[in-house]
Amino acid sequence: WYWQKEKREPYVKFMEANYPPGFSYEDFGPLFTAEFFDPNQWADILKASGAKYVVLTSKHHEGFTLWGSKYSWNWNAVDVGPKRDLVAELATSVRSRTDLHFGLYHSLFEWFNPLFLEDATNVFKTRKFPTSKSLPELYEIVTKYQPEIIWSDGNGNAPDTYWNSTGFLAWLYNDSPVRDTVVTNDRWGVGSICTHGGFYTCSDRYNPGHLLPHKWENCMTIDKRSWGYRRNAQLDDYLTTEDLVKQLVETVSCGGNLLMNIGPTHDGRIAVVFEERLRQMGAWLQVNGEAIYGTKPWRAQNDTVTPEVWYTFSPKEGRVNAIFLNWPVSGTLELGEPQAKLGETQVKLIGYKELLKWVALGEKGMAIALPQLTPKQLPCQWGWTLQLTNIN
């Protein structure tokens, strides 16, 4: 898009300097090789990350499908490049080795597809592209791979009536093989984003910082500047584990899910830096998962007295979780939101055995004495959870 459509100078120059004259985007097809792609290893990394679902990009805006689609002749991973059905392989590994829900991303439009461009020229009064390519592909991936999440994207500035989104969704939720399990997002045509959908995505890297009345998802990237793999990325371009924990905690506190993107390499690897981030998230969740999984938003999302404290609520246990991202130098954590009850309220630091001492601060709020721990004794490295029971 930057090279061919927007003709941005750095991209045009890079292609001129590093590829033969007349090299087209299609010539990249055979260079996508995936020789190191090991779906079992991917599944093991995904499981270790603590994630509960995974969404694979089955087709992005350039129309190349990672499965052998009947509707993407000679522009798919079975006919060109890897010569493998990457969707099938990952689906099989994820389902046999993990309990993650398997989802697929699918782009409705395609930047340079002549049928789409023709429909766009006709102000979408003709529907050649959705009827011959986009919709048949959607039916194909649902029937073939039975994904539990359909993550739709790329409306191409066309209305949902052009895409026949309601027709497809009616089939998906009533007659498809995944009708009882599937969830979908909100990108089904102009005007549907953040308005219709099983969960809202509103924008990329969406993190409102306050409670929303509808389930939503913060879909963001570990590489701050890209959804793909960049060979020229610097270490500073990657969010640290501390950054990622903060994103997760803020998102869940406000009623959202976090979908963290990684870009694999052309030869099928999850780069080591991405693997490390995913495994570190998993290590954090092994300790603090009780404050994340199966929680609901509490009446307050973040604390009024101490910044960088975010709340979640565990309904089964009736417990308030206060996740604090900075360990106070004083050794005392002041919370402005919880109303504690003398002789009843209990405070526990996840990963530490003994109950913590606390005092009430006026009508609302409490000061909690944290244990004096060496770095090695800390339950984890990046953000800690207090479990408060019997709180008003």
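So, in the range 64-88, of the ones that are open to solvent by 50 Å² or more (accessible area, probe 1.4 Å) and out of contact with any Asp or Glu (no Cβ under 9 Å at 6 or more places or on another chain), which residue ends up nearest to Arg127 (Cα to Cα)?
Asn74
Output yes when any residue across the range 256-272 is farther than 15 Å from Thr385 by Cα, in contact (Cβ under 8 Å) with a residue 60 or more places away in the chain and of a type in the set (Asp, Glu), and no when none is.
Within the range 256-272, one or more residues are farther than 15 Å from Thr385 by Cα, in contact (Cβ under 8 Å) with a residue 60 or more places away in the chain and of a type in the set (Asp, Glu).
Assess whether Ala300 counts as being open to solvent by less than 30 Å² (accessible area, probe 1.4 Å), assigned to a loop (DSSP other than H, G, I, E, B) and out of contact with any Gly (no Cβ under 8 Å at 6 or more places or on another chain).
yes
Given the options Ser107, Ser58, Ser152, Ser165, name the one that is among the hydroxyl-bearing types (Ser, Thr, Tyr), open to solvent by less than 50 Å² (accessible area, probe 1.4 Å) and touching a helix residue (DSSP H, G or I) at 6+ places or on another chain (Cβ under 6 Å).
Working: Ser107 fails: touching a helix residue (DSSP H, G or I) at 6+ places or on another chain (Cβ under 6 Å); Ser152 fails: touching a helix residue (DSSP H, G or I) at 6+ places or on another chain (Cβ under 6 Å); Ser165 fails: touching a helix residue (DSSP H, G or I) at 6+ places or on another chain (Cβ under 6 Å).
It is Ser58.
Let me confirm something: among Phe23, Phe37, which residue is more than 25 Å from Leu138 (Cα to Cα), open to solvent by less than 60 Å² (accessible area, probe 1.4 Å), assigned to a loop (DSSP other than H, G, I, E, B) and modelled with pLDDT of 95 or more?
Working: Phe37 fails: more than 25 Å from Leu138 (Cα to Cα).
Matching residue, one of Phe23, Phe37: Phe23.
Which one is surrounded by the fewest Cβ atoms within 10 Å (Cβ to Cβ) among residues in the range 170-189 that are farther than 16 Å from Pro130 by Cα and of a type in the set (Gly, Ala, Ser)?
Ala170
Which of the residues that make up the range 207-234 are of a type outside the set (Lys, Arg), open to solvent by 30 Å² or more (accessible area, probe 1.4 Å) and touching a helix residue (DSSP H, G or I) at 6+ places or on another chain (Cβ under 8 Å)?
Passing the criteria: Asn207, Gly209.
The values are calculated or read from the model by the stated rules, or taken from the named source; none is laboratory data. Owing to the predicted nature of the structure, the values given are computational and were not obtained by experimental measurement. Neighbour counts run over all protein chains shown; Cβ positions are idealised from the backbone, glycine included. Side chains included, ligands, DNA and RNA excluded: accessible areas come from the protein's heavy atoms. Shrake-Rupley method; radii C 1.70, N 1.55, O 1.52, S 1.80 Å.
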